[in-house]
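Visitor: The structure under discussion is supplied below as structure tokens; questions concerning it will follow.
The values are calculated or read from the model by the stated rules, or taken from the named source; none is laboratory data. Please read all numbers here as calculations on a predicted model, not as lab measurements. We place every Cβ from the backbone using ideal geometry, glycine too, and count neighbours over all the protein chains shown.
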Amino acid sequence: MLVRFPILLSVSGFTQTLPVNWEEMTAADFQQAIQKSQGACLLPFGIIEKHGPHLPLGNDVINVRYAALHGAEKEFAVVFPAYYFGQIFEARHEPGTLVDMNAWINNIATAIRAIKSDQMSPETSGAGPRPARHF
């Protein structure tokens, strides 16, 4: 049986649970979350596309974000903001579909190069000179 004990932070008598969702964290939360997760991170990845007349365009993103957030609450991990671009050529003509394969490939290649070299420019990352050290 898995029992979860939340990390509690106390600031001026205010207590809160450490969030799993990266965009809800403070800088101090982020550092503690990386330690607690031992570097485990989740990237919710889904396409925004037509799913028939009855479902929202973001159905894939909604479902994968739900699964990532609830999974991270059971086994702590840092959940990245959802990524919703990718290959969906068969639906690219449908209203509301987001497709930008070239940007997706470039973003992934840039991230891999930054992690492999462990050097990222502070001017472009906003996270300081070596953000890969956090993972």
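Visitor: Whether any residue in region 16-25 is out of contact with any His (no Cβ under 6 Å at 6 or more places or on another chain), among the polar types (S, T, N, Q) and modelled with pLDDT under 90 is what I want to check.
Guide: yes
Visitor: Would you pick out the residues in region 50-74 that are more than 15 Å from the chain's Cα centre (by Cα), surrounded by 11 or more Cβ atoms within 10 Å (Cβ to Cβ) and within 28 Å of residue 38 (Cβ to Cβ)?
Guide: Answer for region 50-74, where residues must be more than 15 Å from the chain's Cα centre (by Cα), surrounded by 11 or more Cβ atoms within 10 Å (Cβ to Cβ) and within 28 Å of residue 38 (Cβ to Cβ): there is none.
Visitor: Select from region 47-75 the residues that are at pLDDT 90 or above and part of a loop (DSSP other than H, G, I, E, B) and write down the one among them that is farthest from residue 99 (Cα to Cα).
Guide: Checking each candidate, the answer is 75.
Visitor: Have a look at 91, 28 and point out the one that is hydrophobic (A, V, I, L, M, F, W, C) and modelled with pLDDT of 75 or more.
Guide: Testing whether each residue is hydrophobic (A, V, I, L, M, F, W, C) and modelled with pLDDT of 75 or more leaves just 28.
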